[in-house]
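K.L.:
So that we are looking at the same thing, I have put the structure below in structure tokens.
The values are calculated or read from the model by the stated rules, or taken from the named source; none is laboratory data. Since this is a predicted model, take the numbers as computed values, not measurements. All Cβ positions, even for glycine, are placed from backbone atoms using ideal geometry, and neighbour counts span all protein chains on display. The protein model used for the area step is the full one, side chains on, heavy atoms only, and it has no ligands, DNA or RNA in it. Shrake-Rupley method; radii C 1.70, N 1.55, O 1.52, S 1.80 Å.
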Amino acid sequence: MMTILGRIVSLGLPSSPGRIMGDGAPVGREGRLVLHWIASRLAMIFPVQSDNEKLLQEQWSVHSHLVPLLYFTLLANSWGVAVAFFDHAPARLTIAIPVGFSIVSCVRVAMWWLRRNAQFTAEQIRKEQLRTTVLTVVLGCAVCAWSLALFPYGDAYQKAHVAFYLAITILACMLCLTHLRPAMLSVTIIGGTTFLGYFASSGILSLIIMATSFFPVIIATAVIGLIQNRDFVRMVDARERVSHLAHYDMLTGLPNRASFNDELERRLAAPGNPIGLLYIDLDGFKLVNDTRGHGIGDLLLVEVGKRLSAVCNARAMLVSRLGGDEFAVILPHGNVDEAKAHADRIVEAVSANYDFGHGNITIGASIGIALAPQHGDTAENLLARSDIALYAAKEAGKGNARIFTSSMETRIQERARLEEDFRKALQDRDDLFVFYQPIVSIETGEVTAREALVRWRHPLRGWISPAEFVPVAEQFGLADALGAFVLETACREAASWEDRARIAVNISATQLGKGTLHGYVLSALVASGLSPNRLELEITETALLDNERDIIGDLRRMRDLGVRIALDDFGTGYSSLAHLRAFPFDKIKIDGSFVKDAVSRPDCAAVVRAVTDLGKRLGVTTVAEGVETEEQLDCLRNEGCVEVQGYLFGRPVPNGKDALRIERIDRKRETCSPHCAVVSRRAVRDTALAL
Ligand code: C2E
Ligand code: MG
Ligand code: MG
């Protein structure tokens, strides 16, 4: 019995009476404890305990729909009893009181009708619930008192009618009040005790049996009501959780891309509503994720989310995680200066150190800014343009914020045209060349290797720098085809070099980490017959920023073939030293920007010295790129550099056959347009050499 009671009152409540019951206390004390426990549980289930506004609104809405039914049942049943007693009981009982019930019921239904579409706050709902519960208690007592007052005036049938009236009205009211737990329980207690108490003590056997039969029915109805109530709460809760998952990012708790798009569209739909859109991409996040693990990566994203929310804390600002390491912020204005200042604050906040107990972590942020209405008035347009601006920010060296300009878009279109032309050049291969630039040992002066540098002679624009078209090839998925062309050509030509110098081939970021490079390298080596130890692959530091784990896997496979791996443009990426730890490179190429200023700037000289020292310690060859003057060479020699590369020792040049082919193409061009022949010929050759 106690267990059943315990179950009933603990519906939706956390603890059980087991602990109270199981301590072996004497029966009297145990009884008191149980009563105390039941009282405390009743005290807990009576009030509406939700702080959840949504739940309160849903409960109130379902309850409100049952209000007319409740009063209809009450009135119909009450007037039925009144008519049955019309000739037997005084008019105050058969007319005045039913009229009173009718007035109260009509007023309540009218109130319900007038407010049926109103949106209530949680506080208002709580007040309404309290009012309804109080009214339920008053009406419940009134109905019970009225029916018991009628009882003595009736014959056996009419008495049975009163009992029937009370029972069905109590049950109907309980069902209609299911979603207002305190009111339902009030009806259960008032109606139940009245029915049981009065009829059980009536001395009439049929009524006593009726009362005892009614007891389990009213308890069962109450339990069903409580279960329904609990299930409703769970259902609303689950629905809210699903809706939360659909609209918020699980990791950071920020609104996700879908709700961001909705909000952006909503704000843009309001005419003349200015908006600033900041599209944020984290610099160096992938490196942290790959080297420190996904756990730290997740912590980092959460912390970035917090920092963004702290910087963008104004009410009308919306911070959202679009996915991966991309975030976006909606600003409530379209002011250029303010948007830029805000973006700078974000860059500063995100770039500050992070410490999760495993040493400091540093990342950066690049931001593209687009403003409405000047840069677009649809969500799609604004996002696309902020993305273009983000691209420009990344190109400008990361850790930057850029506001969209139409010239950025023009550049994108030019890129698309360039991609089309480059695709054709790759197919025909007529206008693609590989030039070679020597890499020289400082000590002996001999050429230890030559770097293969690709050249493209555009049919209209002339020579185009690889710095311009290689990124286009990478962006449009042509890096593998270009890489295969350079690898094949360079290995084939290097195989016939008499000095047996090594050949260094540049590898694009997008060629790495897919497990496919190994095949290209192997086929180039097999086709050319070049010994693998004469091939050197140059990987730029920035290539290692993405997907480091897979890239290192690729490099190891290459190393297993006997191919050497060089780290190119050292010092230009993030966490250069972390890269040296991640893979044992054979060569470090110090970026030309440090070499250029090594003579005049002590900080650049210090970088060169630090890298050469490190190279010596790790047994790695150090090469200085971009050496143009004797002064630079002396400086590099003093700093302990092992090899050098630059115009001082030779510009990139084609092999003999290609040089002749280039000459022939130039001549053909001259005959086509004789008036610009001399200028064109010189210009083309100079450009080719300067590239
Ligand atoms: P990189 O690999 O760092 O190549 C060195 C760049 O410095 C080359 O520019 C070279 O011409 C230039 N250079 C060499 N000595 C000097 C000097 O003394 N002074 C100056 N100012 N520059 C010098 P280039 O050929 O324009 O190549 C630019 C970049 O394009 C390369 O930088 C490399 O990252 C990329 N690249 C070139 N060829 C290929 C290729 O076949 N595949 C891939 N993926 N990238 C390539
Ligand atoms: Mg290189
Ligand atoms: Mg380089």
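K.L.:
If you scan segment 380-424, which residues turn out to be part of a loop (DSSP other than H, G, I, E, B) and either more than 23 Å from F260 (Cβ to Cβ) or open to solvent by 30 Å² or more (accessible area, probe 1.4 Å) (or both)?
P.N.:
Residues satisfying the conditions are A396, G397, K398, G399, N400, T405.
K.L.:
Mind checking which residues of segment 428-446 are touching a residue at least 60 places away in the same chain (Cβ under 8 Å) and either near ligand 1 (Cβ under 10 Å from one of its atoms) or in contact with a strand residue (DSSP E or B) (Cβ under 7 Å, 6 or more places away or on another chain) (or both)?
P.N.:
Passing the criteria: F433, V434, F435, Y436, Q437, P438, I439, V440, S441, I442.
K.L.:
Taking interchain pairs and intrachain pairs at least six residues apart, which have beta carbon atoms under 6 angstrom, with the first residue in segment 505-520 and within 14 Å of ligand 3 (Cβ to nearest atom) and the second open to solvent by 40 Å² or more (accessible area, probe 1.4 Å)?
P.N.:
Matching pairs, first to second residue: S508/E474.
K.L.:
With respect to the numbered conditions (1) hydroxyl-bearing (S, T, Y); (2) open to solvent by 80 Å² or more (accessible area, probe 1.4 Å); (3) in contact (Cβ under 8 Å) with a residue 24 or more places away in the chain, which one is the sole condition not fulfilled by T252?
P.N.:
It fails just one condition, (2).
K.L.:
State whether the residues of segment 176-188 include one that is exposed (fewer than 15 other Cβ atoms within 10 Å of the Cβ) and assigned by TED's automatic domain parsing to the domain that holds V67.
P.N.:
Within segment 176-188, not a single residue is exposed (fewer than 15 other Cβ atoms within 10 Å of the Cβ) and assigned by TED's automatic domain parsing to the domain that holds V67.
K.L.:
What number of residues within segment 577-602 are open to solvent by less than 20 Å² (accessible area, probe 1.4 Å), more than 15 Å from ligand 1 (Cβ to nearest atom) and closer than 27 Å to T629 by Cα?
P.N.:
So the answer is 0.
K.L.:
Any residue at all in segment 332-352 that's modelled with pLDDT of 95 or more and in contact with a Pro (Cβ under 7 Å, 6 or more places away or on another chain)?
P.N.:
No, segment 332-352 contains no residue that is modelled with pLDDT of 95 or more and in contact with a Pro (Cβ under 7 Å, 6 or more places away or on another chain).
K.L.:
Filter segment 486-508 down to residues that are surrounded by fewer than 20 Cβ atoms within 10 Å (Cβ to Cβ) and in a helix (DSSP H, G or I) and give me whichever is farthest from ligand 1 (Cβ to nearest atom).
P.N.:
R492
K.L.:
Out of everything in segment 328-383 that is without any contact (Cβ under 8 Å) to a residue 60 or more places away in the chain and acidic (D, E), what residue ends up being farthest from I296 (Cα to Cα)?
P.N.:
Among those residues, the one meeting the criterion is D337.
K.L.:
Output the qualifying pairs, or none if there are none: Cβ atoms under 7 angstrom, residues six or more apart or on different chains, first residue in segment 95-115 and farther than 14 Å from N77 by Cα, second residue of a type in the set (F, W, Y) and in a helix (DSSP H, G or I).
P.N.:
R108/Y71; V109/Y71
Residues are listed down the side, and each one gets a yes or a no for (1) in the same structural domain as S508 (by TED's automatic domain parsing); (2) away from ligand 3 (no atom under 15 Å from the Cβ); (3) more than 37 Å from the chain's Cα centre (by Cα); (4) within 17 Å of C641 (Cβ to Cβ):
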| residue | (1), (2), (3), (4) |
| --- | --- |
| R534 | yes, yes, yes, no |
| E548 | yes, yes, no, no |
| I551 | yes, yes, no, no |
| L561 | yes, yes, yes, no |
| F583 | yes, yes, no, no |
| R601 | yes, yes, yes, yes |
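K.L.:
Now, a different point. Mind checking which residues of segment 440-459 are closer than 23 Å to A484 by Cβ and either surrounded by fewer than 19 Cβ atoms within 10 Å (Cβ to Cβ) or more than 16 Å from ligand 2 (Cβ to nearest atom) (or both)?
P.N.:
W456, R457, H458, P459
K.L.:
Any residue that is in a helix (DSSP H, G or I), in contact (Cβ under 8 Å) with a residue 40 or more places away in the chain and acidic (D, E) - is there at least one of those in segment 54-67?
P.N.:
Among the residues of segment 54-67, at least one is in a helix (DSSP H, G or I), in contact (Cβ under 8 Å) with a residue 40 or more places away in the chain and acidic (D, E), which makes the answer yes.
K.L.:
Right, next: Is there a residue in segment 308-322 that is within 30 Å of A582 (Cβ to Cβ), in the same structural domain as A396 (by TED's automatic domain parsing) and surrounded by fewer than 18 Cβ atoms within 10 Å (Cβ to Cβ)?
P.N.:
No, segment 308-322 contains no residue that is within 30 Å of A582 (Cβ to Cβ), in the same structural domain as A396 (by TED's automatic domain parsing) and surrounded by fewer than 18 Cβ atoms within 10 Å (Cβ to Cβ).
K.L.:
Identify all residues within segment 81-95 that are surrounded by 12 or more Cβ atoms within 10 Å (Cβ to Cβ) and not in a loop (DSSP other than H, G, I, E, B); write none if there are none.
P.N.:
V81, A82, A84, L93, T94, I95
K.L.:
Name the residue that is farthest from D431 (Cα to Cα), counting only residues in segment 459-474 that are in contact with a Phe, Trp or Tyr (Cβ under 8 Å, 6 or more places away or on another chain) and either assigned to a loop (DSSP other than H, G, I, E, B) or among the aromatic types (F, W, Y) (or both).
P.N.:
Checking each candidate, the answer is F469.
K.L.:
Further question on the same structure: Are there any pairs with C-beta distances below 7 angstrom linking a residue in segment 399-427 that is under 15 Å from A389 (Cα atoms) to a residue that is open to solvent by 60 Å² or more (accessible area, probe 1.4 Å), with the two at least 6 apart or on different chains, and if so which?
P.N.:
Note: pairs meeting the criteria are A401/K340; A401/D344; I403/V336; I403/K340.
K.L.:
If you check A605 against the conditions, is it surrounded by 16 or more Cβ atoms within 10 Å (Cβ to Cβ), in the same structural domain as R461 (by TED's automatic domain parsing), at pLDDT below 90 and away from ligand 3 (no atom under 16 Å from the Cβ)?
P.N.:
Judged against the criteria, A605 is a match.
K.L.:
Something else: Those residues that are assigned to a loop (DSSP other than H, G, I, E, B) and either closer than 14 Å to G646 by Cα or out of contact with any His (no Cβ under 9 Å at 6 or more places or on another chain) (or both), I need them from segment 425-455; list them, please.
P.N.:
R429, D430, I442, E443, T444, G445, E446
K.L.:
Identify, from the list T621, T629, T671, the residue that is away from ligand 1 (no atom under 15 Å from the Cβ), at pLDDT 90 or above and among the β-branched types (V, I, T).
P.N.:
T621 is the lone residue from the list that is away from ligand 1 (no atom under 15 Å from the Cβ), at pLDDT 90 or above and among the β-branched types (V, I, T).
Residues are listed down the side, and each one gets a yes or a no for (1) more than 15 Å from ligand 2 (Cβ to nearest atom); (2) part of a helix (DSSP H, G or I):
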| site | (1), (2) |
| --- | --- |
| R549 | yes, yes |
| L555 | yes, yes |
| I565 | no, no |
| D569 | no, no |
| A578 | yes, yes |
| F585 | no, no |
| K596 | yes, yes |
| S600 | yes, no |
| V607 | yes, yes |
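Yes/no per residue for (1) touching a Gly at 6+ places or on another chain (Cβ under 8 Å); (2) open to solvent by less than 10 Å² (accessible area, probe 1.4 Å); (3) not hydroxyl-bearing (S, T, Y):
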{"site": "L130", "(1), (2), (3)": "no, no, yes"}
{"site": "V134", "(1), (2), (3)": "no, no, yes"}
{"site": "L139", "(1), (2), (3)": "no, no, yes"}
{"site": "A145", "(1), (2), (3)": "no, no, yes"}
{"site": "A149", "(1), (2), (3)": "no, no, yes"}
{"site": "Y157", "(1), (2), (3)": "no, no, no"}
{"site": "Y165", "(1), (2), (3)": "yes, yes, no"}
{"site": "I168", "(1), (2), (3)": "no, no, yes"}
{"site": "A172", "(1), (2), (3)": "no, no, yes"}
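K.L.:
Could you tell me which residue of segment 609-628 is nearest to Q437 (Cα to Cα), considering only residues that are open to solvent by 40 Å² or more (accessible area, probe 1.4 Å) and in a loop (DSSP other than H, G, I, E, B)?
P.N.:
E628
K.L.:
Right, something else. Yes or no: T193 open to solvent by 40 Å² or more (accessible area, probe 1.4 Å) and of a type outside the set (A, V, I, L, M)?
P.N.:
yes
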